[in-house]
């Protein structure tokens with residue numbers, strides 16, 4: 001996981017100060033972009049006794065993102081958004097901009113930072129593995145896993161088979177959502193290859209604007225018996241389900257046989273209008289609202305003591321990672337209300353993915369259990385959740 005520091009470029013006073021009043025010095029303004037979590041951590045330090053209406057704005061995907069910061073002369077704040085992507089109206093050398101707005105003595109100032117594309121290290125695949133071993137015959141569905149490092153914006157992954165005559169065949173199964181995550185597991189649809197005892201498969205990182213291949217990694221899969229048959233083509237244009245092949249798991253909590261299954265430790269707390277679940281393996285907080293809306297946030301609590309607020313009778317202020325996110329996110333706090341239990345409960349749950357068309361968790365559903373062993377699912381692509389059938 002890498003983080004990138006934005007380069008400070010300019011300081012602009014939106015409204016000129018009155019005569020005799022100096023522009024307050026900004027001693028520090030950095031924006032640290034965490035590509036893995038799609039978060040940007042803002043740090044600022046303004047040379048003034050007091051400031052008001054401190055806010056950050058940047059262009060995210062198809063929208064203007066505005067975050068209200070604590071009215072402090074200095075501090076740190078993390079927002080879950082990446083900088084905007086370059087376009088025709090934006091220099092190709094600049095990756096994105098973030099603006100700091102603040103008011104001192106009734107006068108509004110703006111500060112801007114930018115990040116140069118050249119500061120990004122080259123992307124590469126650290127892993128590309130065959131999870132099923134050798135294959136008896138072709139065509140065949142084979143599970144693979146991968147991990148991509150230093151992924152740039154506006155890029156996607158593709159999986160291809162390199163034929164002996166040089167032809168490139170896409171071996172992805174049909175899916176509704178094109179985006180593929182930087183790491184995960186999925187299935188490739190290997191096609192007949194009459195020339196040899198092995199198949200060459202590649203995972204590629206493609207620039208969606210230019211079509212350039214930014215990174216590639218090869219994988220050879222051994223064929224124990226060469227049997228050439230008709231290509232294996234799904235009979236439906238809909239996403240294939242794990243029920244189309246034999247399930248590798250005897251027991252599972254998902255509605256259908258999952259593509260992957262693991263066991264993780266989680267923390268749970270009930271609120272007035274929903275619940276929060278913390279996952280130990282990713283340090284993410286899932287927020288499940290009673291309205292069936294789902295959202296997720298990185299746990300950025302640094303184990304410092306949290307400010308104390310007086311909760312209504314019979315309710316509680318959340319603590320630790322839940323409390324830190326609840327205190328610093330007014331939208332979440334306003335929608336989910338106060339905690340109805342005084343402490344978090346820890347337990348272990350199965351975690352199952354049914355996104356086998358691609359290894360992206362955004363493609364389909366992720367299943368896990370609540371403390372009462374009721375199974376729920378979340379879907380990243382629609383930011384929704386519900387109960388398993």
I'd like the full set of residues that are modelled with pLDDT of 85 or more and either surrounded by 17 or more Cβ atoms within 10 Å (Cβ to Cβ) or under 17 Å from residue 350 (Cα atoms) (or both), limited to segment 271-284.
271, 274, 275, 276, 277, 278, 279, 284
In segment 202-214, anything within 18 Å of residue 181 (Cβ to Cβ) and modelled with pLDDT of 80 or more is listed as 202, 203, 204, 205, 206, 207, 214
Please work out which residue is surrounded by the most Cβ atoms within 10 Å (Cβ to Cβ), limiting yourself to segment 341-370 and to residues that are over 27 Å from residue 79 (Cα atoms) and at pLDDT 90 or above.
369
Where residue 333 falls short, out of the listed (1) surrounded by fewer than 16 Cβ atoms within 10 Å (Cβ to Cβ); (2) farther than 15 Å from residue 269 by Cβ; (3) within 24 Å of the chain's Cα centre (by Cα):
(2)
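Out of 382, 341, I need the residue that is in a loop (DSSP other than H, G, I, E, B) and touching a residue at least 60 places away in the same chain (Cβ under 8 Å). Which one?
Unique residue meeting the criteria: 341.
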What number of residues within segment 256-273 are part of a loop (DSSP other than H, G, I, E, B) and more than 24 Å from the chain's Cα centre (by Cα)?
4
If we keep just the residues of segment 88-129 that are farther than 17 Å from residue 26 by Cα and at pLDDT 75 or above, which is surrounded by the most Cβ atoms within 10 Å (Cβ to Cβ)?
125
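The values are calculated or read from the model by the stated rules, or taken from the named source; none is laboratory data. Treat the numbers as computed from the prediction; the structure is a model and nothing was measured. Heads up, the Cβs are rebuilt from the backbone with ideal geometry, glycines too, and the neighbour counts pull from every protein chain shown.
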